[in-house]
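Taking it in order: structure first as structure tokens, then the write-up.
Read-outs throughout are calculated quantities, based only on the coordinates presented, and are distinct from any laboratory measurement. Everything numeric in this text was worked out from a predicted model, so none of it was measured. Ideal geometry is used to build each Cβ from the backbone, glycine not excepted, and the neighbour counts take in all protein chains shown.
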Ligand code: BJW
């Protein structure tokens, strides 16, 4: 039995933001049914055709700025869980949107980067990016053009904050994966990594096929608040 003093790691994926109006990647009608990931989500794609990659991320950044896109009950429930949790707590999101922070989460790591941040491939500095990027965008740090890219993690690149994530996984006694298909590593391996030391829980629209001690299935706005409630009322 785990309690509010134990270490907790929450991993979220695109499914948690689906009911906020953002598409997932691998569901029918998802992002990868509309564009080939090889064309937009690899460093090679950016080197080959930066205009195409910018157009893809500019459209998603504009969608995120739409006032209709807002945190939902699942994002809010996790922010509330963080407020009442007494032990070590870490929310690791694979999502590049900012809905967790808008819901009030603080102990949060974006392992696949953030859509509203740009990075210069020349000088390495990062900057807020609330407007479109292009090959003509000058770096606010070094002034050079042609090197500004979305600060997201593409296939073949190293996910962010892995040391802090590994440390939290090492000490956690409860691990929950929410709204992720478990298709992309290293996140897809986290549950197996903690198995035996931590209780593992999956909250998803439907079973992902991964091995978990417990699963609750349905839309995130239902199952996440219910699960949080079940933890905090004990
Ligand atoms: C709902 C719902 C609702 C729907 N309510 N639920 C073996 C080991 C290690 C690495 C590899 C390996 N084999 C291959 C690799 C390399 C590769 C990889 O994993 N490839 C796989 C395809 C096999 N990984 C990498 O290249 C990563 N880097 C790396 O490994 O570096 C080396 C390293 C090694 C060891 C340790 C550390 C490092 C980088 C991966 C970068 C992924 N980037 C993307 C794009 C980011 C930018 C962007 O957003 O455009 O990240 S790809 C895309 O997939 C995005 C997501 O974050 C990621 C995960 O997707 P997610 O969130 O799971 O979404 P879906 O659509 O797949 O699933 C949605 C789920 O929600 C479904 O289950 C639905 O049922 C559910 N759902 N509606 C609740 N309403």
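For the reader, a short list of remarks on this structure follows.
- Once the Cα atoms are used to define both axes, helix 162-171 deviates from the longest principal axis of the chain by about 0 degrees.
- Net length gained if the chain between residue 164 and residue 122 were fully extended (0.36 nm per residue, minus Cα distance): 12.5 nm
- For the chain, the longest principal axis of the C-alpha atoms and the axis of helix 50-65 are separated by about 50°.
- For segment 77-233, relative contact order (Cα pairs under 8 Å, six or more residues apart, normalised by length) works out to 17 percent.
- Choice from 193, 34, 94 showing the highest fluctuation, given a GNM over the chain with Cα pairs closer than 10 Å: 34
- FRET efficiency, residue 155 to residue 234 (Cβ-Cβ, R0 41 Å, nearest 0.05): 0.50
- Here 48, 234, 199 are placed in order of increasing Cβ neighbour count within 10 Å, fewest first, which gives 234, 48, 199.
- The long axis of helix 220-232 is offset from the longest Cα principal axis of the chain by roughly 40 degrees.
- Segment 200-214 and segment 113-183 have their alpha-carbon centroids 27 Å apart.
- Put simply, the C-alpha atoms of segment 1-54 give a gyration tensor, and the ellipsoid matching it has half-axes of 33, 16, 9 Å, longest first.
- Pairs of Cα atoms in segment 1-138 fall into 5 Å distance bins, from 0 up to the last occupied one, in shares of 2, 9, 16, 20, 18, 14, 10, 6, 3, 1, 0, 0 percent.
- Rounded to 5, percent antiparallel among DSSP beta bridges of the chain: 30
- Averaging the sequence gap over all C-alpha pairs within less than 8 Å and six or more residues apart, then dividing by the number of residues, gives segment 9-107 a relative contact order of 37 percent.
- Equivalent ellipsoid of the chain: semi-axes from √(5λ) of the C-alpha gyration tensor, largest first, are 32, 18, 17 Å.
- Stretchable slack from residue 68 to residue 33, in nm (0.36 nm times residue separation minus alpha-carbon distance): 10.3 nm
- Helical runs (DSSP H, four residues minimum) scored at -39500 (n - 2.57) apiece and divided by the length of the chain put the mean residue ellipticity at 222 nm at -9000 deg cm²/dmol.
- Within a Gaussian network of the chain (alpha carbon springs, distance under 10 Å), most fluctuating of 139, 172, 123: 123
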